[in-house]
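First up is the structure itself, then whatever we jot down about it.
FYI, it's all coordinate maths here, none of it is from the lab. The model shown is predicted, which means the values in this text are computed figures rather than measured ones. Please note: Cβ atoms are built from the backbone with ideal geometry, for glycine as well, and neighbour counts cover all protein chains shown.
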Amino acid sequence: MTSNRTFTMIKPDAVSNGHIGNIINDITSSGFKIIAMKYLHLTQSQAENFYGIHRERPFFKDLVSFMISGPIVAAILEKDNAVEDFRTLIGATNPENAAEGTIRKKYAKSIDANAIHGSDSNENADIESNFFFSSFERF
Ligand code: CMP
């Protein structure tokens, strides 16, 4: 089943390198509507909980440290076939493998500092959106 909503974070590397504006422009000009958005700095326990699914992976500790190294932008986005189309727009997890013109190809430097997150399923889009936004904070 397809869903019309997905969740994204502009990660600390892209924020500190001044790419928020360009990335939001890439997202909206690709047809995504912003349903909710906030700028915040995750705490360690928030980052550990958000990435709980990766707790046993070897990169978990580095991932959490990176995600708390600076502020992020979290958002819920809407478009037909949102999860899949957004994953296409952002490109492969490792920017070395990302297609030309994708957000990670343009703005990411490494698999850790990969500029942006996009939900990998409709179910995770819901879970991740609910992690950051209450029902009063989305339109
Ligand atoms: P993202 O998919 O947004 O969320 C999990 C993150 O873990 C992923 O982006 C990468 O930035 C990071 N990561 C680091 N190493 C790996 C790896 N080997 N496989 C997948 N993700 C990795």
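Report the residue count in the stretch 122-139 for those that are part of a loop (DSSP other than H, G, I, E, B), touching a residue at least 40 places away in the same chain (Cβ under 8 Å) and among the hydroxyl-bearing types (Ser, Thr, Tyr). Spell out how you get there, then give the answer.
Of all residues in the stretch 122-139, those part of a loop (DSSP other than H, G, I, E, B) come to 133-134, 138-139.
Subsequent filtering for residues that are touching a residue at least 40 places away in the same chain (Cβ under 8 Å) retains 133, 138-139.
Then drop every residue that is not among the hydroxyl-bearing types (Ser, Thr, Tyr), which leaves none.
Of the residues in that region, 0 qualify.
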- Query: Are there any pairs with C-beta distances below 8 angstrom linking a residue in the stretch 58-72 that is of a type outside the set (Val, Ile, Thr) to a residue that is assigned to a strand (DSSP E or B) and away from the ligand (no atom under 11 Å from the Cβ), with the two at least 6 apart or on different chains, and if so which?
  - Reply: PRO71/TYR39; PRO71/LEU40
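Quick grid of which residues meet (1) within 13 Å of the ligand (Cβ to nearest atom); (2) of a type in the set (A, V, I, L, M); (3) part of a loop (DSSP other than H, G, I, E, B); (4) free of Cβ contacts under 8 Å to residues at least 12 places away in the same chain:
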| position | (1), (2), (3), (4) |
| --- | --- |
| VAL83 | yes, yes, no, no |
| ARG87 | yes, no, no, no |
| THR93 | yes, no, yes, no |
| GLY101 | no, no, yes, yes |
| ARG104 | yes, no, no, no |
| LYS109 | yes, no, yes, no |
| ASN114 | yes, no, yes, no |
| HIS117 | yes, no, no, no |
| ASP120 | yes, no, yes, no |
- Message: Against the condition crowded, with 19+ Cβ neighbours inside 10 Å, among the polar types (S, T, N, Q) and under 15 Å from the mean Cα position of the chain (by Cα), how does THR6 come out, does it pass?
- Response: yes
- Those residues of the stretch 32-66 that are within 26 Å of PHE139 (Cβ to Cβ) and not in a loop (DSSP other than H, G, I, E, B) come to a total of 11
- Query: Restricting attention to the stretch 21-33, does a residue exist that is within 14 Å of the ligand (Cβ to nearest atom) and touching a Phe, Trp or Tyr at 6+ places or on another chain (Cβ under 8 Å)?
  - Reply: yes
